[in-house]
Structures are given as structure tokens and as C-alpha cells.
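Below: one structure, written as C-alpha cells.
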Amino acid sequence: MSTLIIDGKKISQDIKDELKKEVEELSQKNIIPGLAVILVGNDPASKVYVNNKKKACEYIGIKSFSYELPQETTEEELLNLIDVLNKTKEVNGILVQLPLPEHINESKILLSIDPIKDVDCFHPYNVGLISIGKMDGFLPCTPAGIIELIKRSNIEIEGKNCVVVGRSNIVGKPVSQLLLSHNGTVTTCHSRTKELAKICQEADLLVAAIGRPQFIKADMVKEGSILIDVGVNRLDNGKLCGDIDFEGCKDKALAITPVPGGVGPMTIAMLMKNCVKAALMQN
Ligand SMILES: Nc1nc2c(c(=O)[nH]1)N[C@@H](CN(C=O)c1ccc(C(=O)N[C@@H](CCC(=O)O)C(=O)O)cc1)CN2
């Protein structure tokens, strides 16, 4: 049986096309979703992601408000900007690109965003809703993108033995909660997990979000499993690779996401979905 290579570029484009239609319909009711995108500093990868978010807004018909602030921006200046945006009616969503410079307290900044405009779903209030299984508000973008990739590939989560490798607040923890809410049986692993390879070998569905290039090797995965790769690692030769050894694992898998072109593009598509949802919640 041939392996399904899950095409995140195509699926994310389908979602953006669906949203474009929805936004056209909303404009008939004079509702134009607005997203404030805040970048602090000069991180080259962050600049690319922020530009891609602005391009996606333009494609869909979401109005973007861009704030590119210098590296020396103080925490107070950033908090003041967020305070203004929290009160600006045309802005339905506020996004602060991470990572922030070290002198800025990330938790304090995320806490200052009004939860109703928290389209990244990073505010503790929204994180709390997810953790108690309330899934009708904002969903965290990368984890929700993973669920969407799985569903749109006609793969059932219910009853599957799901193993998540990584426990970050952005991916590992929330994706475990989303898989659980879809009735998966979930094990969350991390750097101190004992017998990690053995646990991965039992996974019907494996999510790798460790940030270590090609860490998951063929002998760690089950025959016929679903392999989802969240890693975006740049190698010395300039090439991108994931946390899963794609070439080594692909023939064993029933389905696998590539890097690039798998989970990554879904993050921005799901952010756009949250922006449209924010506009609906606020109008
Ligand atoms: N405020 C946020 N900050 C960060 C988030 C986030 O969701 N919200 N996630 C990441 C960065 N990120 C979006 O912001 C992001 C990362 C990767 C991709 C993507 O499309 N990756 C491509 C490869 C891109 C490349 O060539 O470098 C892929 O995997 O195909 C999109 C968005 C951290 N910060």
C-alpha cells in the first residue's frame, strides 16, 4: 500500500479559499475582520512569518494593521500598544509574534491581550477553556491545523493510540488536549520520558514537536502509523527538515506530513480562521 503524503499547502489553500468566501459574505453585512500583527526586533524567520500572515490577510480580505517595532522596544511600550489595540473596534484580533526579545516578559504580554482578541489562543483564559474541553472558541493555530490535516485526510482519531513527543505550551500540550477531545488515547512524552522509543513504537498516530532534526527514526515508528511532523529545523546546508526522518520513515507510514509543506502552512490558515471567528464574536 502506498503512503499518503499529507499536503499541507493544498489543505491550507482550501481553508483560505473557504474563508475568502465567508469574508465576502460578511462584507455584505459591513463586517470586515481586522488583525493587528506585532513584530518586535529583527529575527529573520519571524519577519518571514509575519509577512506571510499579512499576505494571507490580504488574500482573504482581512484588514491587517502592521506594527514592526525596534529590538529596543520596552515592555511598557509594548503593553501600551496592546492596550490601545484592545480598545480599537476595527481590530478583532491581536497577534504578537514570538519569540520576543529577552528583555520582554512573554507571559506578561500574552496576559495583556484581551481574550476575545486572542487569535493565537495563548492567553491563559483561552488555554484554560481548551483544557476543560470547551472547543467552541479560539483553537490554538498549529494544534488545530494538525487536527484539520488529519480530518481532511479522512483519518479517524477516535480510539487511536496517540503519542505526542514534546510538551511546549504552543504545540505539545495543546495538541495533546485536542487529540483527547477527539477521543484519542493520548501519551505526552518529553526529554525525561523513559523508554521513549518503545512508547513511540506503540503509536497509531505520532506527533513530533521536539525541535531536534530527524530525531524520530524508522525503528521508532509502527508499521501503518500516521506521522505528523511539527519540526522546522534549518540544517547547515540551508535546507529545512522536520523532527522525523522523512525518507527513513515514509515507507512504514500509512500517512506522513512533509517538512516543508505539511503542518507549517496550516498555522497561518488556522490563524485566519480565528480572525474571522473573532470578527463574528465581536459583531
Ligand atoms: N504569535 C505566534 N508566534 C509564533 C507562532 C504562532 O503560531 N504564533 N508559531 C511559530 C512561527 N510560525 C507562525 O508564527 C510559523 C512557523 C512555520 C510556518 C511554515 O509555514 N513553515 C513552513 C516552512 C517555512 C520556512 O521556509 O521557513 C513549512 O513548514 O512548510 C508558518 C508559521 C513561532 N512563533
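Values quoted throughout were computed directly from the atomic coordinates according to the rules given, and no laboratory measurement underlies them. Remember, predicted model here, so these are calculated numbers, not experimental data. Backbone-built Cβ (ideal geometry, glycine too); neighbour counts: all protein chains shown.
Does residue 210 qualify as being in a loop (DSSP other than H, G, I, E, B), touching a Gly at 6+ places or on another chain (Cβ under 6 Å) and surrounded by 16 or more Cβ atoms within 10 Å (Cβ to Cβ)?
On the way: in a loop (DSSP other than H, G, I, E, B): yes; touching a Gly at 6+ places or on another chain (Cβ under 6 Å): yes; surrounded by 16 or more Cβ atoms within 10 Å (Cβ to Cβ): yes.
So residue 210 passes the test.
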Would you please name the residue that is farthest from residue 67 (Cα to Cα), looking only at residues in segment 85-116 that are surrounded by 13 or more Cβ atoms within 10 Å (Cβ to Cβ) and of a type in the set (S, T, N, Q)? 105
Residue within segment 269-283 that is away from the ligand (no atom under 16 Å from the Cβ), of a type outside the set (A, V, I, L, M) and in contact with a helix residue (DSSP H, G or I) (Cβ under 7 Å, 6 or more places away or on another chain) present: yes
Is one or more of the residues making up segment 188-207 surrounded by 24 or more Cβ atoms within 10 Å (Cβ to Cβ), in contact (Cβ under 8 Å) with a residue 40 or more places away in the chain, under 16 Å from the mean Cα position of the chain (by Cα) and within 12 Å of the ligand (Cβ to nearest atom)? no
Positions within segment 78-106 being β-branched (Val, Ile, Thr), within 16 Å of the ligand (Cβ to nearest atom) and under 20 Å from residue 34 (Cα atoms), in sequence order: 82, 91, 94, 96
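Which residue is surrounded by the fewest Cβ atoms within 10 Å (Cβ to Cβ), if the candidates are limited to segment 242-260 and must be more than 10 Å from the ligand (Cβ to nearest atom) and not charged (D, E, K, R)? Quick ask: steps written out before the conclusion?
Here is the first cut: in segment 242-260, the residues more than 10 Å from the ligand (Cβ to nearest atom) are 243-256.
Okay, now just the ones that are also not charged (D, E, K, R), so 244, 246, 248-249, 253-256.
Values: 244: 33, 246: 20, 248: 15, 249: 24, 253: 23, 254: 18, 255: 20, 256: 24.
Taking the candidates together, the pick is 248.
Using the structure shown, decide if residue 109 is within 15 Å of the ligand (Cβ to nearest atom), part of a loop (DSSP other than H, G, I, E, B), of a type in the set (A, V, I, L, M, F, W, C) and touching a helix residue (DSSP H, G or I) at 6+ places or on another chain (Cβ under 7 Å).
Values: within 15 Å of the ligand (Cβ to nearest atom): yes; part of a loop (DSSP other than H, G, I, E, B): no; of a type in the set (A, V, I, L, M, F, W, C): yes; touching a helix residue (DSSP H, G or I) at 6+ places or on another chain (Cβ under 7 Å): yes.
It is false that residue 109 is within 15 Å of the ligand (Cβ to nearest atom), part of a loop (DSSP other than H, G, I, E, B), of a type in the set (A, V, I, L, M, F, W, C) and touching a helix residue (DSSP H, G or I) at 6+ places or on another chain (Cβ under 7 Å).
Looking at segment 128-148, which of its residues are buried (at least 20 other Cβ atoms within 10 Å of the Cβ) and either part of a loop (DSSP other than H, G, I, E, B) or without any contact (Cβ under 8 Å) to a residue 24 or more places away in the chain (or both)?
Filtering segment 128-148 for residues buried (at least 20 other Cβ atoms within 10 Å of the Cβ) gives 130, 138-148.
Matches in segment 128-148: 138, 139, 140.
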Only listed residue being exposed (fewer than 15 other Cβ atoms within 10 Å of the Cβ), over 16 Å from the mean Cα position of the chain (by Cα) and at negative phi, chosen from 151, 217, 160, 222: 217
Mind listing whichever residues of segment 34-62 are not aliphatic (A, V, I, L, M) and not in a helix (DSSP H, G or I)? 34, 41, 42, 43, 61
